[in-house]
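Enquirer: Starting off with a structure, shown below.
The values are calculated or read from the model by the stated rules, or taken from the named source; none is laboratory data. Source: prediction; values computed, not measured. Here Cβ is always computed from backbone atoms with ideal geometry, including for glycine, and neighbour counts include all displayed protein chains. Accessible surface is based on the protein model in full, side chains and every heavy atom, while ligands, DNA and RNA are left aside. Shrake-Rupley method; radii C 1.70, N 1.55, O 1.52, S 1.80 Å.
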Amino acid sequence: MLKNVSLPAAVLATLGLSGFLVAPLAAQGQSDDHLPFTINGHTWASKADFIEHGRCSTKRPTEEEAEEMEGLLKAALAGGGNAGNKSTPGVTANVTGGVIPVYWHVINKGSGIANGDIPDTQIAAQMNVLNAAFASTGWSFNLVWTDRTTNSTWYTAGPGSQAEAQMKAALRQGSADDLNIYSSNPGGGLLGWATFPSSYARNPSQDGVVILFSSLPGGTATPYNEGDTATHEVGHWMGLYHTFQGGCNGQGDYVSDTPAEKSAAYGCPTGRDSCPRATGADPITNFMDYTDDFCMFQFSTGQDTRMDTMYTNYRFGK
C-alpha cells in the first residue's frame with residue numbers, strides 16, 4: 001500500500017497551507033519525462049536529467065571502493081574487532097535499534113520560509129515522517145537541538161565545497177552516533193546528500209545530512225515535498241547504498257532482499273523490471289530508490305540488518 005501523508009492543522013496554518021491536501025495517487029500523474037523539469041527555481045533538461053544529477057548528491061562509491069569498505073567491515077567482524085576503531089575490542093553483537101539524538105541546523109539567508117528560515121512546526125513534521133519511516137527497523141530519532149544561522153554563502157553550499165566544510169566545522173555537535181541535519185538551499189537544484197558511517201573516522205567534522213529546506217513536509221519542492229529526501233539521506237547516513245547500486249550485476253547494494261535494479265526509478269513506475277534475469281521486480285517503493293515521495297514507504301529486512309551492523313561498527317559509542 002502507498003502511504004498517506006497528513007499534517008496537523010497547526011502545521012498547515014504556520015506554513016500558510018490551510019486547507020492544503022496532498023493529491024491522491026490518481027491525481028499525481030507524471031508529466032512527460034523528456035520535457036524540461038524545474039525544481040527549486042532550477043530547470044533541468046528533463047526529469048531524467050534531474051534524477052541522474054540532482055536527486056541525491058551523496059557520493060556513489062565505485063565497485064572497488066564498495067568492495068574495500070565491505071572487506072574491512074567483514075574482517076573486523078570476523079576478528080571480533082570494530083571497523084570504526086579496530087584498535088579497540090568491538091561489540092560482539094549488533095545494536096538492533098535505539099534512539100538517535102538529532103541536531104538540526106537551519107541555514108537561511110534571512111527571515112521567513114522563502115529564505116529557508118523554516119518554522120519549528122515544519123521541523124517537527126519532518127521528524128514525524130522520519131520516525132514513521134524507520135519505525136519497523138527499531139531505530140527512532142529525537143530532536144534535541146535546533147539552531148538558526150543566517151549566512152548567504154552557507155545557504156547555497158554544495159557538496160564538497162569550502163562553504164559546506166566551513167558550515168559543518170562550525171555547527172556540528174555530538175559524536176559519531178549523533179545525527180546532524182542541515183537544511184538549506186543548495187545551489188544547482190540539488191535535493192540533498194549524506195556521509196556514510198565509514199567516513200566518520202577520517203573526517204568527523206563533516207559527518208551528517210544536508211537537505212533542501214523545501215523538501216520538508218508541506219514544502220514547495222513537488223513531488224519531493226513529503227519529507228522523504230531526509231528519509232533517503234538518513235538511510236545513507238545509516239549505511240545504505242542506493243537500490244540500483246551496481247546495476248544488474250555483482251553485489252549491488254550488498255542487501256540480499258532488495259531486487260537488482262539496472263538504474264534509478266523515478267515517478268512511480270509500477271511493475272518496472274529493469275533486470276528481468278534477476279528475481280523480483282524493481283524495488284520502486286523502497287526509500288533508497290529515486291521515486292517520488294508518495295511512492296516510497298519501506299526499508300527491507302536486509303536493509304534493517306545492514307543498518308544495525310554499520311551503526312554498531314562505525315557509530316555506536318564513537
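Enquirer: If Thr243 satisfies every condition in (1) in a loop (DSSP other than H, G, I, E, B); (2) modelled with pLDDT under 95; (3) within 25 Å of Leu179 (Cβ to Cβ); (4) not small (Gly, Ala, Ser) but one, which is the exception?
Expert: Exception for Thr243: condition (2).
Enquirer: Ok, one more. Considering only the range 263-314, state which residues are basic (Lys, Arg) and at pLDDT below 95.
Expert: Arg277, Arg306
Enquirer: Could you tell me whether the range 123-145 includes any residue that is farther than 30 Å from Gly317 by Cβ, open to solvent by less than 40 Å² (accessible area, probe 1.4 Å) and part of a loop (DSSP other than H, G, I, E, B)?
Expert: Our first condition is that a residue be farther than 30 Å from Gly317 by Cβ; within the range 123-145, this holds for 125.
Subsequent filtering for residues that are open to solvent by less than 40 Å² (accessible area, probe 1.4 Å) retains 125.
With part of a loop (DSSP other than H, G, I, E, B) added as a condition, the list becomes none.
Looking for residues that are farther than 30 Å from Gly317 by Cβ, open to solvent by less than 40 Å² (accessible area, probe 1.4 Å) and part of a loop (DSSP other than H, G, I, E, B), one finds none in the range 123-145, hence no.
Enquirer: Further, regarding this structure: Return yes when Gly116 is farther than 18 Å from Met307 by Cα and at pLDDT 95 or above and no when it is not.
Expert: Details: farther than 18 Å from Met307 by Cα: yes; at pLDDT 95 or above: yes.
Answer is yes for this residue.
Enquirer: In the range 160-192, how many are closer than 23 Å to His242 by Cβ, surrounded by fewer than 21 Cβ atoms within 10 Å (Cβ to Cβ) and in contact with a Ser or Thr (Cβ under 7 Å, 6 or more places away or on another chain)?
Expert: 1
Enquirer: So, one more: As an exercise: evaluate Val209 against (1) farther than 24 Å from Asp117 by Cβ; (2) free of Cβ contacts under 8 Å to residues at least 40 places away in the same chain; (3) β-branched (Val, Ile, Thr) and give the number of the one condition it does not meet.
Expert: Exception for Val209: condition (1).
Enquirer: What number goes with the only condition from (1) open to solvent by 10 Å² or more (accessible area, probe 1.4 Å); (2) touching a His at 6+ places or on another chain (Cβ under 9 Å); (3) within 22 Å of Arg315 (Cβ to Cβ) that Ala264 does not pass?
Expert: (3)
Enquirer: Asp308: among the charged types (D, E, K, R) and closer than 14 Å to Phe134 by Cβ, yes or no?
Expert: Details: among the charged types (D, E, K, R): yes; closer than 14 Å to Phe134 by Cβ: yes.
Spelling it out, Asp308 is indeed among the charged types (D, E, K, R) and closer than 14 Å to Phe134 by Cβ.
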